[in-house]
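Quick notes on the structure that follows.
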Amino acid sequence: MLNRFRLEFPSRPENVGLARVAVAAFAAQLDPTLEELDEIKGAVSEAVTNAIIHGYGNSPDGIVIVEGILYGDAIEVCVEDAGKGMEDVARAMEPEQTSDPERLGLGFTFMKTFMDEVKVDSVPGQGTRVIMRKQLATRH
Ligand SMILES: Nc1ncnc2c1ncn2[C@@H]1O[C@H](COP(=O)(O)OP(=O)(O)OP(=O)(O)O)[C@@H](O)[C@H]1O
Ligand SMILES: [Mg+2]
């Protein structure tokens with residue numbers, strides 16, 4: 001491990017941008033391409049948005065924790081909530097699976113496209129942790 005950070009904020013939609021910018025600034029230490037940076041920011045947006053709208057049902061009283069870890073040429077980002085959790089994670093991660101008919105159900109699909117690995121631990125009634133890893137192209 002080369003470096004790490006931890007950020008904690010209330011589950012307010014205006015903090016999605018904060019999380020994106022914090023992770024992007026952190027990832028910049030690995031000298032990513034603009035495309036890699038956009039993908040990381042996209043994945044963070046999806047995971048943090050899910051924590052706020054699904055985990056906490058849009059209540060601003062929850063706490064979202066975002067952690068970043070740098071390993072060599074890889075970044076790991078962890079997004080955690082102590083919200084309602086999921087009964088069936090594998091099913092929730094399928095494309096077009098959503099509990100909200102107003103949404104597309106593509107958040108996890110984007111996360112899997114943007115990052116190399118996406119793992120989800122979730123316990124109903126306790127919360128959810130999304131761990132995403134991306135290997136960056138070395139240009140040194
Ligand atoms: N942090 C979370 N806590 C509880 N449930 C979650 C969480 N994240 C995702 N889910 C569940 O998994 C489903 C799929 O999530 P996904 O992000 O793929 O789609 P979506 O959020 O419904 O739609 P979109 O992301 O396209 O707006 C959600 O509809 C929700 O039921
Ligand atoms: Mg989503």
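The values are calculated or read from the model by the stated rules, or taken from the named source; none is laboratory data. This structure is a prediction, so every number in the text was calculated from the model and none was measured. Counting neighbours? That spans all protein chains shown, and the Cβs are built from the backbone with ideal geometry, glycine included. To get the accessible areas, we keep the full protein, side chains included, count just its heavy atoms, and leave off ligands, DNA and RNA. Shrake-Rupley method; radii C 1.70, N 1.55, O 1.52, S 1.80 Å.
Structure above, values below:
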{"read-out": "Of all residues in segment 21-55 being open to solvent by 30 Å² or more (accessible area, probe 1.4 Å) and outside any helix (DSSP H, G or I), the one that is modelled with the highest pLDDT", "value": "Thr33"}
{"read-out": "Pairs with Cβ under 7 Å, 6+ apart, first in segment 111-123 and more than 11 Å from ligand 1 (Cβ to nearest atom), second of a type in the set (Gly, Ala, Ser) and open to solvent by less than 90 Å² (accessible area, probe 1.4 Å)", "value": "Phe114/Gly42; Phe114/Ala43; Met115/Ala43"}
{"read-out": "Residue count for segment 2-20, restricted to those that are open to solvent by less than 50 Å² (accessible area, probe 1.4 Å) and either of a type in the set (Asp, Glu) or in contact (Cβ under 8 Å) with a residue 40 or more places away in the chain (or both)", "value": "6"}
{"read-out": "Pick from segment 97-127, criterion aromatic (Phe, Trp, Tyr) and either under 13 Å from Asn50 (Cα atoms) or assigned to a loop (DSSP other than H, G, I, E, B) (or both), ranking: least open to solvent (accessible area, probe 1.4 Å)", "value": "Phe108"}
{"read-out": "Close pairs (6 angstrom Cβ cut-off, 6 or more residues apart or separate chains): within 19 Å of Ser122 (Cβ to Cβ) in segment 39-54, acidic (Asp, Glu) and near ligand 1 (Cβ under 8 Å from one of its atoms) anywhere", "value": "Ala51/Asp81"}
{"read-out": "Filtered residues of segment 17-54 (kept if under 19 Å from Ile69 (Cα atoms) and either in contact with a Gly (Cβ under 6 Å, 6 or more places away or on another chain) or within 12 Å of ligand 1 (Cβ to nearest atom) (or both))", "value": "Val23, Phe26, Gly42, Ala43, Ser45, Glu46, Ala47, Val48"}
